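Notes follow once the structure below has been shown.
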Amino acid sequence: MLRRLSVTITATLFWLMAPSLTLAEIRQPTPRDQFAPNPLEIILPDPLLPQKPDNQPLTSQDKQQLEIALAELNAEAAAKLQAGDKPGAFEIWNRELRLRRALGSQAEVEALSRVGAIAWSQNERQEVQYITQRLQTIQKQTQLQTPPDIELLRSLGQAFQQVRSPKNSLDAYNQVLIAVREKQDVTAEVETLKTIAEVHLSWLDYTNAAATYEELLLLASSKSDRLSEVRYLQQLAYIYDQSKQTQPALTAKTKLAELYQSQNNPENLLQFSALQLSIGEDYETLLQTDAAFKAYQQAYQSAWGLQQYARAGDALRKLIPLYRRSGQIDNALKTTQTLIDIEEKFANNFYGLMKAYDELGQIYQERKNYPQAREAFQKGLAVAQQLRYQEAYFTKKLQEVNQ
């Protein structure tokens, strides 16, 4: 109770003395002084601000001179920060931000965004809070404007991102979205939706990010914009993978694979085999073995045709356990031998070669064909000795088949 009374008296004296103070004399409150006013909301005379009778607006010359002075303040603050004087730097920046109001909301928000990014990078949490509060005040004022100031709303959205306030950022961008839709500005609508999706994604909000990209995909499809469709499907595949939504991921990847093939774009075709591998994995997760077989076979054929030997080997490594689980042992043996040939002659992948010999040895061991199992494990051991890796494992496997 006494503390609150003391703070109240202090605040009252401060406001009574305010006319005799300059902005530079206002010290930034310490993090513990939670009752101190936001220094960005204080309005006091400042020698850099031209004195105008009857609240007349600043002339163009006044604004130009003020911008020069504020640029000097910004440089002075940056120099203090570099010298290690963070309190002094942010005291100057706060003065600059207060004076920016005289240049209009757009200029103030851009400056708040710039200083907010610095405050965040310097872990100045209270300064971030002050800037966020000031941005919220401007946002409330902007929401009352008719028609809305779209550029200011965009700047607010970006500024809130700098101080890591996604909800406020999205509120601003959603206002922009409403406004551009009313104007039937499809280009601006798409750009705004992309920004909204990126904000959701940056905060790992996969649900809302996916919903926004699905909306973008519909817009692109309606205009037959294939390039944009590819980009949005790539994002959707990534999002659904990250959120472990296998069926939606598979749907996005399947559409993407169809676009890759229809466009005949060399860059996309290079990605086709990797996409088919991912599709096969999704089918396996969904226990759709036949479809997984087909996807892996397409991945192998595509990779081999483009001389992507390492990826062709990856596809074969996916096929072998599928053949084994489905009882197609002869196909498993043939595929493993093909894999060995690829690793030896083309991929130059000693680790992959060692694993392939291990796979071959296990298949022969399960069939009780011990001489060929022994040969496979011996070759695997030779590669393991070169790599100095898993030598004990192959030694143990050889002991098993020799018993």
Q) If you plug each phi of the stretch 235-251 into the Karplus form 6.51 cos²θ - 1.76 cosθ + 1.60 with θ = phi - 60°, what whole-Hz ³J(HN,Hα) values come out, in order, with x for Gly and Pro? A) 5, 5, 4, 4, 4, 5, 5, 5, 8, 6, 9, 5, 5, x, 4, 4, 4
Q. Using a Förster distance of 60 Å, how high is the FRET efficiency between residue 204 and residue 64, based on the Cβ-Cβ distance and rounded to 0.05?
A. 0.85
Q.
Please list, in order along the stretch 303-314, the HN-Hα scalar couplings obtained from phi with the Karplus expression 6.51 cos²θ - 1.76 cosθ + 1.60 (θ = phi - 60°), rounded to whole Hz, x for Gly and Pro.
A. 5, 5, x, 9, 6, 8, 5, 4, 6, 4, x, 4
**Q.** Long pairs among 244/397; 345/397; 52/80, criterion Cα-Cα beyond 30 Å
**A.** 244/397; 52/80
Q: Mind checking which lysines have their Cα closer than 22 Å to the Cα of residue 396? Skip sequence neighbours fewer than 8 apart in that chain.
A: 355, 368, 379
Q: Just flag the chymotrypsin sites (Phe, Trp or Tyr not before Pro) in the stretch 347-389 sitting in loop per DSSP whose Cβ has no more than 14 other Cβ atoms within 10 Å.
A: 389
Q.
Among (i) -0.24, -0.68, -1.18; (ii) -0.34, -0.81, -1.16; (iii) -0.48, -0.84, -1.07, only one was calculated for this model; which label is it, if the read-out is log10 I(q)/I(0) by the Debye sum over Cα atoms at q = 0.06, 0.10, 0.13 Å⁻¹?
A. (iii)
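What does the C-alpha gyration tensor say about the overall shape of the stretch 255-348? Classify as rounded when a/c is under 1.5, otherwise prolate if a/b is larger than b/c, or oblate.
It is oblate, given that a/c is not under 1.5 and a/b is not larger than b/c.
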(Q) Using only Cα atoms and rounding to the nearest 10 degrees, what angle (0 to 90) does helix 60-82 make with the longest principal axis of the chain? (A) 60
Q) Got a sec to turn the phi values of the stretch 151-164 into Karplus ³J(HN,Hα) couplings, 6.51 cos²θ - 1.76 cosθ + 1.60 with θ = phi - 60°, whole Hz, x for Gly and Pro? A) 5, 5, 4, 4, 5, 5, x, 5, 5, 5, 5, 5, 9, 6
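A short reminder: the numbers here are calculations on the coordinates, not readings from a lab. All of these numbers come straight from a predicted model, not from anything done at the bench. Positions of Cβ are backbone-derived with ideal geometry, glycine not excepted, and every protein chain shown enters the neighbour counts.
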